[in-house]
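A short worksheet on the structure shown next.
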Amino acid sequence: MSVSDLLKTETSELHTAVEQSIDWSGWLKTIPQYEQFLIRMVSFLPEVDQRLDQLLAVPEDWFRKRRKGEWALSDLCALRDSDLHAGSEEPAIAPSADTSQFTWIADAPTAAGVLYVLEGSTMGGQQLCHLVRNSFPAEAEVPLKYLNGYGTNTRSRWQQTKAWLDQFLEATADQAKAVDAAKKMFVVYGEQLGSQK
């Protein structure tokens, strides 16, 4: 079994539970709700991205140009500057998550497990783009850089990520660390999006 298949198998049950706990149509049906979704992403992803950059010295383009929390921030700013946002209240951008929340991302194998979840979510983001587009008038130009991921290249980018994981995580102990980290990252998503406060 490849490492990427191991990660999928070992996290499948938790992944499903987290997905079922998130009301995607609730997050993405109206402009204020979509704005809150982006705020949630901006509140924790930049710190996670920073840790991955520090711990994974991956020179390839796919890693350096990967989707990051700053893409969600770009969408949030574009949404607030658009006609779609006119007349609605503008909630403050949530402060960055307490950095101590992510001290568990402490070594390269753990960071690789987190990367598995972050990059895997680009595949689901493609489906969420359709949900957003169907929720708003066809002429509405909703900023979707974060959810759209890599557009038509998303599937091939995901294959690159999995191939890298398969090569990088050779040691059994490293694979176990990556699995544990992936599970923790799924829990983070559940905590951030499983309820709308």
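Longest span of the chain, sites excluded, free of GluC sites (Glu not before Pro) in DSSP loop with at most 14 other C-beta atoms within 10 Å?
On the way: sites that count: Glu60, Glu89, Glu139, Glu141, Glu170.
Here the longest run is 1-59.
By a straight-distance test (C-alpha under 24 Å), which lysines pair with Lys177 as possible cross-link partners, with residues fewer than eight away in the same chain excluded?
Lys8, Lys68, Lys162
Can you compute the label reach from Asp61? Point 7 Å from Cα along the Cβ direction, backbone N cut-off under 16 Å, restricted to the range 135-166.
150-161
Quick one: with all protein chains in place, what share of the accessible area of the chain is carbon or sulfur, to the nearest percent (1.4 Å probe)?
Numbers: 4910 of 9910 Å².
With neighbouring chains kept in place, the figure for the chain is 50 percent.
At Asp83 and Gln20, where each label point lies 7 Å from the Cα along Cα→Cβ, what is the point-to-point distance in nanometres?
Those two pseudo-labels are separated by 4.3 nm.
Quick check for you: with a 1.4 Å probe and neighbouring chains kept, what is the accessible area per residue of the chain, in Å²?
50
Can you work out the FRET efficiency for the pair Gln167 and Gln127, with r the C-beta to C-beta distance and R0 = 22 Å, to the nearest 0.05?
0.20
Among residues other than Gln167 whose Cβ falls under 13 Å from its Cβ, what is the net charge (Lys/Arg +1, Asp/Glu -1)?
Values: positive: Lys162; negative: Glu60, Asp166, Glu170, Asp174.
Net charge in that neighbourhood comes out at -3.
Does the range 139-197 come out rounded, prolate or oblate by the C-alpha gyration tensor, with a ≥ b ≥ c the root eigenvalues, rounded set by a/c under 1.5 and, if not, prolate when a/b is larger than b/c and oblate if not?
oblate
Place a point 7 Å from Cα of Ala106 in the direction of its Cβ. Which residues in the range 170-185 have their backbone N less than 17 Å from it?
Answer for this model: 173-185.
Average the reciprocal distances over every distinct pair of alpha-carbons in the chain, invert the result, and give the Kirkwood radius in Å. Numbers along the way, then the final one.
Numbers: mean 1/r = 0.0575 Å⁻¹.
It works out to 17.4 Å.
The values are calculated or read from the model by the stated rules, or taken from the named source; none is laboratory data. In this text the structure is predicted, and so the values were computed from the model without any measurement. Positions of Cβ are backbone-derived with ideal geometry, glycine not excepted, and every protein chain shown enters the neighbour counts. All accessible areas refer to the heavy atoms of the entire protein, side chains included, with ligands and DNA or RNA removed. Shrake-Rupley method; radii C 1.70, N 1.55, O 1.52, S 1.80 Å.
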